[in-house]
1. Of all alpha-carbon pairs in region 66-200, indicate the percentage at a distance above 28 angstrom.
2. Sort Val91, Val164 from largest to smallest accessible area, using a 1.4 Å probe on the heavy atoms of the protein chains.
3. Please report the relative contact order for region 1-243, taking Cα pairs under 8 Å with a sequence separation of at least 6, and give it as a percent rounded to a whole number.
4. Name the residue farthest towards the positive end of the dipole of region 1-243 from the options Gly31, Asn16, Thr190, assuming +1 on Cβ of Lys and Arg, -1 on Cβ of Asp and Glu, about the Cα centre.
5. Please work out how much length the chain gains when fully extended from Lys9 to Tyr409, using 0.36 nm per residue of separation minus the C-alpha to C-alpha distance, in nm with one decimal.
6. Each label point is 7 Å from the Cα along the Cα-to-Cβ direction; what then is the distance between the points at Tyr41 and Val370, in nm?
7. Modelling each spin label as a point 7 Å along the Cα-to-Cβ direction, I'd like the Tyr321/Thr27 distance in nm, to one decimal.
8. What is the spread of the Cα atoms of region 257-393 along each of their three principal axes, largest first, in whole Å?
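The values are calculated or read from the model by the stated rules, or taken from the named source; none is laboratory data. On a predicted model such as this, the values are computed, not experimentally measured, just so you know. Positions of Cβ are backbone-derived with ideal geometry, glycine not excepted, and every protein chain shown enters the neighbour counts. Quick note on the areas: whole protein, heavy atoms, side chains included, nothing else; ligands and nucleic acids left out. Shrake-Rupley method; radii C 1.70, N 1.55, O 1.52, S 1.80 Å.
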Amino acid sequence: MHIMSWIKKNSVMLFNTGSLIGTMFVTSGLGFAYWLVAARYYPADAVGLASAATSAMMLLSSLFLLGQGTLLISEIPRHRKEAGALISASVILVAGCSLLGGIISAFLAPLLSPELRLLGNTPLHALLYALGVMLAAVTVILDQAVIGLLEGNIQLWRNTLFAVAKLVLLFVAAEYLSLKSGIGIYTLWTLGNAISFLPIIIFMIRKKKWSLHYYRPQWKLMRKFGIPALQHHVLNLILQAPTQLLPILVTIIISAKANAWFYSASMIANFVFSLSLSLTTVLHAANAAQTSTLTQKTRMTVGLSLLASLTVGTVLALAAYPILHVFGTIYAQEASWSLRILILASLPLIVKNHYIAICRIKDHIAHAIVPIVLSSVLELVGAAIGARLWGLTGLSLGWVLAMTVEALYMLPVVVQTLIGRTNIDQYLDAIAAQDTLQMPALNQFVPSGVIQLTMYGNTMALAELDTMQLPALRRSSSTPSHAATPYPTVNSIQSRNETAMKHRPARRIRFQSEELTDSAIKNPIADDIVRTNTAQIPLDEVKKARASSSPANAFVDISEAQTMQMPLTQITTGQPHPTEAEKKKNLLR
């Protein structure tokens, strides 16, 4: 029962993480099948051109993402009402840039290699290539957007349909249409990507999000996010650099043949690495607007990352030789130890991935760029020295040692998050662990837009809010025997209030004095409300409240907050809750 309760409580994070891992399985498995069918039914020169064009397409699409996908993961949870406008603006920006970049690169391709001249020898071929680059970039943006919405199943269905569609199209074209050119294989890949938009369209219809007004881009808001988007983009490129450059390093220092062995081992190791990466991606999406539960959720993702990496990594390390033997005996002989060493990097990567996610959640991206740049250089230097000394095994060992050094540097930030910085964070964890309840607007008679705290005997209620999920907070002199987590007492709240005054920015909330009959809880509870983060009140409501209230008789005066978070809905004093009839009587009064 305890396990089922834990799964239910964390179902959103587990479900979205599972969808990312499932996507990796589907795209890797069916992607391998795609190139297997191509190798069997198409000429070798056509397959070579198509694979080179596809690799260039993926590289260009990542360059033209412009940090928009990661930005959407951060900002969609913080701007739910503007989600459609943010997504459409990002899609338009990335689509335009990638289409133009694809056309230019198609005409420049022959300068890089005569073998690539078919990509731009006609306007039609150049357009087809550019469309492939554009669709690849746009689908990545949409996949990250649905993760920001915590609807990971959409990207799983989209990638599954893409993988199946391109495979079926490839087989049909070879068997029945005699379409066996390299540009033909590339076009079928692009067509499969276009077909994969179907699950996104179905999602929009099911959620009734087809209004053009909902998707009207808000360029003013996008300009506000220009610097954060650029920071995300720079950070993403730096993070990808060592992975992209290591195969080149192997080829230069050792040999192209050794790179084939290393590439096979690194593909298998990447599966272990993706486990913690998937968990931290969802952690980023789940806590971008809800930092109060960051400690609790980070403990969960670190624990799951360790468990999954150790379990899967141990299995792959023991089975390294037979797994690589599938590629050939020489692969097993030359790369099995390289694979075992690479798998060890999954442990420092847990720290690194969590460090990056925490920096993104707290908007400390600029602070993370310099350490990540130095870390990337250290990884390449360590790998190069290892390759010079001991070949492929040395390269893997040098890279893992560099990863360990950078993980030690990043560890304090992760540990700080795991243990919580102050007592008030532990208090928030206790609140977050409680069940939540739906709190509808109770007082319909106050002026429009005024946020009011109303006293009904022993119960306080927020009014003039539509519906919010708010955790219940109980005040009692002793902890109830049935409570899973001790409830805070008035004294502990006052103590926390004094601590918060020293460490948090000053924020005020004022109540009508006659609304409160228990003076012992007036100021501490008011201060505690404004210093916690569990459920959002939009800034628009705050502005309306301040505009419609005079300073002398303000129901609520909230300052210095983009969003206001209020966990308190009830304070019980041991007396029974008022009945519905008593509530209505109080309302009429």
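1. Of all Cα-Cα pairs in region 66-200, 26 percent lie more than 28 Å apart.
2. Largest accessible area first, the list is Val164, Val91.
3. Working: 288 pairs, mean separation 77.9, N = 243.
Answer for region 1-243 is 32 percent.
4. Asn16
5. 140.7 nm
6. Label at Tyr41, label at Val370, 5.5 nm between them.
7. So the two model labels end up 3.4 nm from each other.
8. 52, 30, 16
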